[in-house]
Amino acid sequence: MRQCVTLRDILGNPFRPVAFTPDWRTGTAVSLARGMYESRDFSAMPILADALQDAGCDSDDILSHCQGPGPHVRGCWVVDLVLGKE
């Protein structure tokens, strides 16, 4: 079961692709995402949700993922979107 949750964190929902607007990639959002990616400490995910929302993000999928319990791991699809990783 944990493997499924981890895969969902990395891949998202393949049946519901999410569009990411580059305008949401603010300095604050990128800084938070980079810090989590490098430290592997994803406790700031709710703060990332706030930063994305402040930037105009209205995607329920992105915001609920950030605010969800996780687990979040390196390769998290939202963090990768913010960092511009494809």
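Quick note: the coordinates plus some simple rules give every number you see, no bench work behind them. Bear in mind the structure is a predicted one, so any value in this text is a computation, not a measurement. Note that we place each Cβ from the backbone using ideal geometry, even for glycine, and neighbour counts take in every protein chain shown.
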Charge context of Ala51, other residues only, Cβ under 15 angstrom, K/R +1, D/E -1: -2
Equivalent-ellipsoid semi-axes of the range 35-86, from the Cα gyration tensor, Å, largest first: 16, 12, 10
Approximate spin-label separation Arg34-Val18, in nm, with each point projected 7 Å along Cα-to-Cβ: 2.1 nm
Extension gain (nm, one decimal) between Asp60 and Ser43, 0.36 nm per residue minus Cα-Cα: 4.2 nm
